[in-house]
1. Of the heavy-atom accessible surface of segment 13-82 (probe 1.4 angstrom), what whole percent is carbon and sulfur?
2. Within the set of other residues whose C-beta is less than 12 Å from the C-beta of VAL96, count the net charge using Lys and Arg as +1 and Asp and Glu as -1.
3. With a 1.4 Å probe and every protein chain left in place, tell me how much accessible area LYS83 has, in Å² to the nearest 10.
4. How high is the relative contact order of segment 48-113, given as a whole-number percent (alpha carbon pairs under 8 Å, six or more residues apart)?
5. Show me, for segment 22-36, the HN-Hα J-couplings you get by feeding each phi into the Karplus relation (A = 6.51, B = -1.76, C = 1.60, θ = phi - 60°), rounded to Hz, glycine and proline as x.
6. Rolling a 1.4 angstrom probe over the protein chains, ignoring ligands and nucleic acids, what is the accessible area of ARG55 in square angstrom, nearest 10?
7. Given H placed 1.01 Å from N in the peptide plane, which residues other than close sequence neighbours of LEU53 have an amide H under 5 Å from its amide H?
8. With unit charges on the beta carbon (Lys/Arg positive, Asp/Glu negative), name the residue among LEU33, LEU60, VAL96 whose Cα is farthest towards the positive pole of the charge dipole of segment 22-110.
Amino acid sequence: MTHILARAKPINPMWYFERNFNALMKILSRCGLIEDGLERISLSGNLIEINLLERSRYTLLVAIRQRFTKSGNSRLLNDIQFKVRLYLDAKLAEVVSYQGHNALQPRYPYPNQQMYYPDEKRQVNLVLYDWLLNCSQQDFNEFVSA
């Protein structure tokens, strides 16, 4: 009698790109940014803004900003700002800018001048994943388009 141990399938290292894409597309299509041709939407009483910066055949570039106060003058917390490129053909979403830091590299030597983590790009995409997970628990039926 042979015994075969079942191995758990390892998680794809790009799982967060895929899940971010699915969550963003759900929000964008529910609010009309994809089908209705809108370029800007505001959610949660204007505390979350999503702007469509670029639209091409295979990609979208969106800017996401969450304010923590209506006036945007919080001295305790900075606004959360992402620029995310959605690859429609590959069904992936990648953070290309976070909090004004552009052109994030996949790996950084450590220590480095900017004090980035060695896997800064992965960390930033995981932050987007957590942020979207939190957003998915909110009700975005009411939105303002501009």
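The values are calculated or read from the model by the stated rules, or taken from the named source; none is laboratory data. Nothing here was measured: the structure is a model prediction, and the numbers come from that model. Reconstructed Cβ throughout: ideal geometry from the backbone, glycine too, with neighbour counts over all protein chains shown. Note: accessible area is taken over every heavy atom of the protein model, side chains too, but ligands, DNA and RNA are not part of it. Shrake-Rupley method; radii C 1.70, N 1.55, O 1.52, S 1.80 Å.
1. 48 percent
2. Net local charge, VAL96 excluded: +1.
3. Counting only protein heavy atoms, the figure is 90 Å².
4. 23 percent
5. Values, residue by residue: 4, 5, 5, 5, 5, 5, 5, 6, 5, 8, x, 6, 8, 6, 7 Hz.
6. 120 Å²
7. Amide H neighbours of LEU53, under 5 Å, 5+ apart: LEU61, VAL62, ALA63.
8. VAL96
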